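Asker: Just dropping this structure here.
The values are calculated or read from the model by the stated rules, or taken from the named source; none is laboratory data. Note that this is a predicted model, so its numbers are computed, not measured. FYI the Cβ positions are ideal-geometry reconstructions off the backbone, even for glycines, and counts take in every protein chain you see. For the accessible areas, the whole protein counts, side chains as well, though only heavy atoms, and no ligand, DNA or RNA atoms are used. Shrake-Rupley method; radii C 1.70, N 1.55, O 1.52, S 1.80 Å.
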Amino acid sequence: MLSIIKQEIEASIDAKKAALADEALLEQLAVLSQKCVDSLRAGGKVVLAGNGGSFADAQHLAAEFVCRFRRDRAPLPGLVLGANASLATAISNDYGYDHIFARELEAMATSQDVFIAISTSGNSGNIIEAVKTAKKLSIHTVAFTGDSGGQLAALCDCIKVPSSVTARIQECHILFGHIICGIVEDSLFPESHQPGGDA
């Protein structure tokens, strides 16, 4: 059992090392982080969506924006699509499951926002429809995917985790999200108190 645990930890580290060595991926993260900063400064918000574990990641990151990440500071507008169960089931029933994110995005988002679509495969139908809708609304859109990018690779910029293993992809997605949250806080609240720091 210990050998299995060690193998899993090593595999997670290897995926992160591969991401660290990918200069193009790092540049994409920097660009997306700056887009989020610019959007929030302009009165926009960060909108996220995903399915299953990726939905949990989207909720997690939205909470970091609205509540706090590392700093005591004003709340930032982060919105996760699909969190309203009544809305999600109504849209699924009336328009089909592929439209649960797209219709809510159309109702809630503006061209000032940033949309982060999360799909380990890059082939989730409801994420694809949401990305198409975001493009129509001129919303800056980036997808977090696995190494192939799936169908999303042809639709928007994809930050592709260099792995095809779902667990490794999800572990890197939350790392990427935390990096973005940290950059946003440092940029927008440089003087805020950071617990555990020197302030």
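Asker: What are the pairs, 6+ residues apart or on separate chains, where a residue within the range 117-129 that is β-branched (Val, Ile, Thr) has its Cβ under 7 Å from a residue that is assigned to a strand (DSSP E or B)?
Answerer: Within 7 Å, the pairs are Ile118/Leu48; Ile118/Ala49; Ile118/Phe144; Thr120/Thr145; Ile127/Ala49; Ile127/Ala117.
Asker: While we're looking at this one, here's another question. Kindly establish whether Ser121 is in contact with a helix residue (DSSP H, G or I) (Cβ under 8 Å, 6 or more places away or on another chain), farther than 25 Å from Val184 by Cα and outside any helix (DSSP H, G or I).
Answerer: yes
Asker: Here's a follow-up. Going by the structure shown, is Val80 closer than 19 Å to Ile118 by Cβ and either of a type in the set (Ser, Thr, Tyr) or surrounded by fewer than 18 Cβ atoms within 10 Å (Cβ to Cβ) (or both)?
Answerer: no
Asker: Within the range 17-35, is even one residue in contact with a strand residue (DSSP E or B) (Cβ under 7 Å, 6 or more places away or on another chain), farther than 19 Å from Leu152 by Cα, open to solvent by less than 20 Å² (accessible area, probe 1.4 Å) and part of a helix (DSSP H, G or I)?
Answerer: Checking the range 17-35: not a single residue is in contact with a strand residue (DSSP E or B) (Cβ under 7 Å, 6 or more places away or on another chain), farther than 19 Å from Leu152 by Cα, open to solvent by less than 20 Å² (accessible area, probe 1.4 Å) and part of a helix (DSSP H, G or I).
Asker: Can you confirm whether Phe69 is modelled with pLDDT of 95 or more, in contact with a helix residue (DSSP H, G or I) (Cβ under 9 Å, 6 or more places away or on another chain) and open to solvent by less than 70 Å² (accessible area, probe 1.4 Å)?
Answerer: Considered against the rule, which asks whether it is modelled with pLDDT of 95 or more, in contact with a helix residue (DSSP H, G or I) (Cβ under 9 Å, 6 or more places away or on another chain) and open to solvent by less than 70 Å² (accessible area, probe 1.4 Å), Phe69 comes out as yes.
Asker: Quick check on the range 185-195. Is at least one of its residues open to solvent by 10 Å² or more (accessible area, probe 1.4 Å), part of a helix (DSSP H, G or I), more than 19 Å from Gln59 (Cα to Cα) and touching a residue at least 40 places away in the same chain (Cβ under 8 Å)?
Answerer: yes
Asker: Filter the range 124-153 down to the residues that are part of a loop (DSSP other than H, G, I, E, B) and not aliphatic (A, V, I, L, M) and list them by number.
Answerer: Within the range 124-153, Ser124, Ser138, Gly146, Asp147, Ser148, Gly149 qualify.
Asker: From the set of residues in the range 149-166 that are touching a residue at least 40 places away in the same chain (Cβ under 8 Å) and surrounded by fewer than 20 Cβ atoms within 10 Å (Cβ to Cβ), which is farthest from Asn126 (Cα to Cα)?
Answerer: If we take residues in the range 149-166 being touching a residue at least 40 places away in the same chain (Cβ under 8 Å) and surrounded by fewer than 20 Cβ atoms within 10 Å (Cβ to Cβ), then Pro162 is farthest from Asn126 (Cα to Cα).
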